[in-house]
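The values are calculated or read from the model by the stated rules, or taken from the named source; none is laboratory data. Source: prediction; values computed, not measured. Neighbour counts run over all protein chains shown; Cβ positions are idealised from the backbone, glycine included. These area figures cover heavy atoms from the full protein model, side chains too; ligands, DNA and RNA do not enter into them. Shrake-Rupley method; radii C 1.70, N 1.55, O 1.52, S 1.80 Å.
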Amino acid sequence: MEISEEKVEKIIRAVGGAENILAVTHCITRLRFSLKDEKSVNLAELKKIDLVKGTVSTNGQFQVVIGQGTVDKVYAVLIDLIGLNDRSSAKIVNRQVSNRPNWLQRFVSMLADVFIPILPAIVTAGLLLGLNNLLVGKGIFYAGKSFIEVHNEWAGFSEIVNLIASTAFTFLPALIGGSAAKRFGGSPLLGFVLGLILVNPQLPAANTALAQKTVAHWQLFGFDVNKIGYQGQVLPILVATWILAKIEIYLKKRVYEPIQLLVVAPLSLLITGFAAFIIIGPVTLMIGQWITAGILALFAHFGAIAGFLYAGINALLVITGMHHMFIALDVQLIASVGMTYLWPVRVMSNIAQGSSALAMAFVTRDKSLKGTAVTSAVSAYLGVTEPAMFGVNIRYKYPFICAMIGAAFAGGLVAANGVKGTIGVGGIPAFLNVFPKFWGLYFIATGLAILIPFVLTVLWAVLFKRKTSTRAKVNTRQKPVKPTKEVKVNV
């Protein structure tokens, strides 16, 4: 699909013109603007642009929902038209001139800026792990046996797939380190190297070594320092990279430029490396273990309630951007115990939003909305919900509510039965990332996530029409409610 400059110019004018844009980045589906003055945005003009599925103002950013795949092309044209380079997220935060977000919003925004760039690698790894599940899971194709047990010639294929899939999780700190260093204003390469240091093959994984009580030590001036790595951990590399970036920035300002290459990088890595093994790693590992234990206890004792609430409010978390925080929790759980409860529950929200959007295609007479509803429903069923949420459901309110209700019941069923999986693809294909022994129950929950929102949305529309014919027209043909006012939050 070719993106014309004319359409992108309309977006630029609608957000207040090029002079109103401090910086812009994009995630999987949205353009994320840092604006001088958000009051200059013309929402009425934005919603007339067919590329725009919706808008949301959150975490100090004005976000324009475009859609997966298309947003990359729109972004490329946009930065060329306004003469901006690909700015780091750190610069976006530093150049905010008004409406500075609170600490929680800044923290969530930081997680989004760190994890969004590496999300394709994580999702791909999860999808490949799901493919391997098909090969090694017993009872999927043959009673009591796995596919590779019956067809041993596929064993090597399975091992290579598993190797490719597990690499992203094994060296996750390196991916996080590179992305986080860019976010904090440092060198991505130094962040990447720091991540590799923490997962050096000479170091046993912290969780394994501590569980088996086989921790070796370095003797450092009379102190014992744990000789362990932080494979798959999130917090150690995040904190260490923040310190690394601060040291690098500090030294660059004070070291004579001709010798910076000999001083800045070596000294930054040396100081941060020692700090990581002496204090940052042990402290953040303990915090990560507490978080893991808390989530496991919550789902063990209050699974149905936790799943009901989490799946029910997940769409609201997506609106505010806070869902990125749970990606870090998913990764932390997988690194610690080899699975997550959160991802299988969260997927119910993807499917439910798609079902409500699909229902709107049946109840509306508006041909344009009908087409948007069908395509956005397919997108949500494949794991990308923003087109369905902002393009259809939030505009008409009741489909969004029906989707939340359906997701809550489906998520409660998933969590109540302790369904386990890994992080990966969303929507209906997410069963590939669910452990095969839970597939039967998971398919039932998926059916509920499809059926409940669809039926509720249709019934709501029909009952609403029966009350007054005028309201029926409003419900299917009205001008969309401005979503920014609906979803603008102050967490």
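Give the residues of region 134-176 that are farther than 23 Å from GLY191 by Cβ, surrounded by 14 or more Cβ atoms within 10 Å (Cβ to Cβ) and of a type in the set (S, T, N, Q), sorted by residue number.
SER146, SER158, ASN162
May I ask you to list the residues in region 353-380 that are of a type in the set (D, E, K, R) and not in a helix (DSSP H, G or I)?
ARG365, ASP366
Looking at LEU220, LEU198, LEU203, which one is within 25 Å of ALA245 (Cβ to Cβ) and crowded, with 22+ Cβ neighbours inside 10 Å?
It is LEU198.
Just for region 137-161: of the residues that are among the aliphatic types (A, V, I, L, M) and touching a helix residue (DSSP H, G or I) at 6+ places or on another chain (Cβ under 6 Å), which one is nearest to ILE423 (Cα to Cα)?
Among residues in region 137-161 that are among the aliphatic types (A, V, I, L, M) and touching a helix residue (DSSP H, G or I) at 6+ places or on another chain (Cβ under 6 Å), the one nearest to ILE423 (Cα to Cα) is VAL161.
Over 23 Å from ILE334 (Cα atoms) and in contact with a Ser or Thr (Cβ under 8 Å, 6 or more places away or on another chain): is that true of ALA181 in this structure?
Considered against the rule, which asks whether it is over 23 Å from ILE334 (Cα atoms) and in contact with a Ser or Thr (Cβ under 8 Å, 6 or more places away or on another chain), ALA181 comes out as yes.
Any idea which residue in region 359-384 is nearest to the chain's Cα centre (by Cα), counting only those that are open to solvent by less than 10 Å² (accessible area, probe 1.4 Å) and touching a residue at least 60 places away in the same chain (Cβ under 8 Å)?
Filtering region 359-384 for residues that are open to solvent by less than 10 Å² (accessible area, probe 1.4 Å) and touching a residue at least 60 places away in the same chain (Cβ under 8 Å), the one nearest to the chain's Cα centre (by Cα) comes out as SER376.
Which pairs turn up if I take residues in region 210-235 that are among the hydrophobic types (A, V, I, L, M, F, W, C) and look for partners that are in a strand (DSSP E or B) and open to solvent by less than 40 Å² (accessible area, probe 1.4 Å) with beta carbon separation below 8 Å, at least 6 apart in sequence or on another chain?
Listed pairs, sorted by first residue: TRP218/VAL225; ILE228/ALA205.
Output the residues belonging to region 28-56 that are closer than 19 Å to MET322 by Cα and either more than 18 Å from the chain's Cα centre (by Cα) or crowded, with 21+ Cβ neighbours inside 10 Å (or both).
Passing the criteria: THR29, ARG30, LEU31, ARG32, PHE33, SER34, GLY54, THR55, VAL56.
Considering every residue within region 78-85, establish whether at least one is surrounded by fewer than 21 Cβ atoms within 10 Å (Cβ to Cβ), touching a Phe, Trp or Tyr at 6+ places or on another chain (Cβ under 9 Å) and at pLDDT 75 or above.
Going residue by residue through region 78-85, those that are surrounded by fewer than 21 Cβ atoms within 10 Å (Cβ to Cβ) are 79-85.
If we keep only those that are touching a Phe, Trp or Tyr at 6+ places or on another chain (Cβ under 9 Å) too, we end up with none.
Checking region 78-85: not a single residue is surrounded by fewer than 21 Cβ atoms within 10 Å (Cβ to Cβ), touching a Phe, Trp or Tyr at 6+ places or on another chain (Cβ under 9 Å) and at pLDDT 75 or above.
In region 17-27, which residue that is free of Cβ contacts under 8 Å to residues at least 40 places away in the same chain and open to solvent by less than 20 Å² (accessible area, probe 1.4 Å) is farthest from ILE3 (Cα to Cα)? Show your work before the answer.
If we filter region 17-27 for residues that are free of Cβ contacts under 8 Å to residues at least 40 places away in the same chain, which is where we start, we get 17, 19-20.
Right, trim to open to solvent by less than 20 Å² (accessible area, probe 1.4 Å) and you get 17, 20.
Values: GLY17: 19, ASN20: 22 Å.
Once the filter is applied, the top-ranked residue is ASN20.
Filtering region 381-392 down to residues that are at pLDDT below 90 and part of a helix (DSSP H, G or I), which residue is nearest to ILE313 (Cα to Cα)?
Per the criteria, the residue is MET389.
Checking the structure you have, find out if any residue of region 304-320 is at pLDDT 90 or above and more than 22 Å from the chain's Cα centre (by Cα).
Yes: one or more hits.
Restricting to region 48-75, name every residue that is among the hydrophobic types (A, V, I, L, M, F, W, C) and farther than 13 Å from ILE12 by Cα.
Correct list: VAL56, VAL65, ILE66, VAL71.
Please enumerate the residues belonging to region 229-276 that are of a type in the set (Asp, Glu) and either at pLDDT 90 or above or outside any helix (DSSP H, G or I) (or both). Full working, then the answer.
Our first condition is that a residue be of a type in the set (Asp, Glu); within region 229-276, this holds for 248, 257.
Within region 229-276, just GLU248 meets the criteria.
Which one of the conditions (1) among the hydrophobic types (A, V, I, L, M, F, W, C); (2) part of a loop (DSSP other than H, G, I, E, B); (3) exposed (fewer than 12 other Cβ atoms within 10 Å of the Cβ) does VAL215 fail to meet, given that it meets all the rest?
Evaluating VAL215 over (1) among the hydrophobic types (A, V, I, L, M, F, W, C); (2) part of a loop (DSSP other than H, G, I, E, B); (3) exposed (fewer than 12 other Cβ atoms within 10 Å of the Cβ) leaves (3) as the failure.
Being crowded, with 21+ Cβ neighbours inside 10 Å, at pLDDT 85 or above and farther than 23 Å from SER109 by Cα narrows it down to one residue among VAL64, VAL8; which is it?
Answer to the selection: VAL8.
Within region 105-133, work out how many residues are open to solvent by 60 Å² or more (accessible area, probe 1.4 Å) and within 18 Å of the chain's Cα centre (by Cα). Spell out how you get there, then give the answer.
So the first thing to find is which residues in region 105-133 are open to solvent by 60 Å² or more (accessible area, probe 1.4 Å), and the list is 106-107, 117, 120, 124, 127, 131.
Within this subset, residues satisfying the condition of being within 18 Å of the chain's Cα centre (by Cα) are 106-107, 117, 120, 124, 127.
Of the residues in region 105-133, 6 are open to solvent by 60 Å² or more (accessible area, probe 1.4 Å) and within 18 Å of the chain's Cα centre (by Cα).
Does region 223-245 hold any residues that are open to solvent by 30 Å² or more (accessible area, probe 1.4 Å) and under 26 Å from the mean Cα position of the chain (by Cα), and which are they?
Scanning region 223-245 gives GLN231, LEU235, VAL239, TRP242, ILE243.
Could you check region 394-485 for helices (runs of 4 or more DSSP H) lying wholly inside it with 1 or more residues that are open to solvent by less than 20 Å² (accessible area, probe 1.4 Å) and at pLDDT 90 or above? Show your work before the answer.
On the way: elements: 398-416, 439-467, 469-477.
In region 394-485, the matching helices (runs of 4 or more DSSP H) lie at 398-416, 439-467.
Search region 137-160 for residues that are polar (S, T, N, Q) and assigned to a helix (DSSP H, G or I) and pair each with any residue that is at pLDDT below 90 and open to solvent by less than 50 Å² (accessible area, probe 1.4 Å) when their beta-carbon atoms are under 8 Å apart and the residues are at least 6 apart or on different chains.
Matching pairs, first to second residue: SER158/ASN132; SER158/LEU135.
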